[in-house]
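Below you'll find the structure, written out as structure tokens, and then a few comments.
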Amino acid sequence: MTENRRFSFGRNWQKYLDDIPPGATAAMQAYVADWLGPSLLGKSFLDIGSGQGLTSLSAHALGADVTSFDVDRLSVAATSRLHEHAGRPSNWRILEGSILDHQFVSQLGKYEVVGSWGVLHHTGALWEALAAAAGLVADGGYLWIALYHRTRQSGRSLVIKRSYAGLPGPGRRVFRAGYAIAKIIKSVIVRRRLPNLNGAYDARGMNWWRDIEDWLGGLPYEVSSPGEVLAHLKPLGFELIRLEDAIAEAGNDVYLFRRTP
Ligand SMILES: C[S@@+](CC[C@H](N)C(=O)[O-])C[C@H]1O[C@@H](n2cnc3c(N)ncnc32)[C@H](O)[C@@H]1O
């Protein structure tokens with residue numbers, strides 16, 4: 001089913017940057033270094049769907065020449081805020097465009113490292129977007145992606161997102177409050193602790209409230225399994241280097257692939 005509602009991730013990323021959690025930049029840089037550290041120094045890095053811009057900022061701090069792009073004008077503006085904050089380095093360029101736009105993609109060139117964290121499943125054409133991202137990786141280069149893991153709850157997640165998207169503004173606020181309360185109760189019961197509501201609450205320096213808005217609003221929404229992803233990328237000459245599988249959580253599977261030279 002084609003998704004006719006599209007969430008403005010960029011608006012949410014602007015709010016995130018207005019109130020960026022303390023420690024978020026350092027957290028993201030440590031996360032990016034853990035996955036890509038040695039591969040970034042002096043290398044070209046493409047950030048597809050750069051969102052709030054923290055991955056691009058981290059890759060630049062780790063020594064890469066960075067190109068960032070996003071389809072959402074407000075995400076492009078958010079990434080530009082971090083570019084400005086970094087002193088407008090000339091080896092970091094920011095573009096507006098879609099990974100599904102063949103003409104735009106054909107002008108990008110090839111990159112030694114291509115990253116797309118939590119993006120391709122929001123394009124409305126996951127496999128087409130994955131093939132386009134793979135096509136931007138130079139021989140011997142790396143592809144780093146995070147994709148929503150398929151679970152038994154994935155169908156229900158889509159129903160929740162569509163119901164939320166169909167509400168008027170005040171209804172969405174009430175929905176978000178109810179969802180937040182349910183998440184807090186679950187965290188207390190399952191993890192025996194409150195979630196970190198004010199600081200950088202996860203390894204990537206995200207903000208708990210902004211993540212709720214991002215997750216509930218995040219349409220289009222598709223899911224995949226590692227088996228499907230491998231079946232798409234192996235014939236294109238990619239070997240799996242590392243996988244962190246979200247297993248039963250409705251989170252992201254994170255993959256690092258290398259394109260065989
Ligand atoms: C959940 S955010 C992830 C942002 C960032 N990569 C991160 O790791 O936090 C998804 C981003 O993908 C962007 N996006 C969605 N469809 C896209 C497309 N077709 N081409 C490029 N970016 C896209 C959205 O605008 C949004 O900024």
Would you mind getting me the FRET efficiency between residue 100 and residue 33? Use the beta-carbon distance for r and R0 = 41 Å, nearest 0.05. 0.85
If you scale each eigenvalue of the Cα gyration tensor by 5 and take the root, what three semi-axes come out for the chain, rounded to whole angstrom and sorted largest first? 28, 21, 18
GNM of the chain, Cα pairs under 10 angstrom: of 185, 212, 160, the biggest fluctuation goes to 185
What 222 nm value per residue comes from the helices of the chain, counting each DSSP H run with n ≥ 4 as -39,500 (n - 2.57) and dividing by all residues, nearest 500 deg cm²/dmol? -13000 deg cm²/dmol
Among 103, 76, 205, the residue whose Cα sits farthest towards the positive end of the charge dipole of the range 76-209 (+1 at Cβ of Lys and Arg, -1 at Cβ of Asp and Glu, taken about the Cα centre) is 205
Cross-link partners among lysines for residue 183, C-alpha distance below 25 Å, same-chain residues fewer than 8 apart left out? 15, 161
Distant alpha-carbon pairs in the range 135-175 (separation over 13 angstrom), percent: 69 percent
Can you tell me which of 126, 74, 230 moves the most in a GNM of the chain? Springs connect C-alpha atoms under 10 Å apart. 230
In percent, what relative contact order does the range 154-217 have, based on Cα pairs under 8 Å that are 6 or more apart in sequence? 33 percent
Let's see if you can work this out: charge +1 on each Lys and Arg Cβ, -1 on each Asp and Glu Cβ, no other charges. What is the dipole magnitude of the chain about its Cα centre, in debye to the nearest 20? 920 debye
Per residue, how big is the convex hull around the C-alpha atoms of the range 25-139? Give it to me in cubic angstrom, could you? 96 Å³
Quick one: divide the alpha-carbon radius of gyration of the range 154-217 by 2.2 N^0.38 Å and tell me what you get. 1.18
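We did not get these values from a lab; they are worked out from the coordinates using the rules stated. What you see is a predicted model; the values in this text were computed from it and never measured. Quick reminder, even Gly has a Cβ in these numbers, built from the backbone with ideal geometry, and neighbours come from all protein chains shown.
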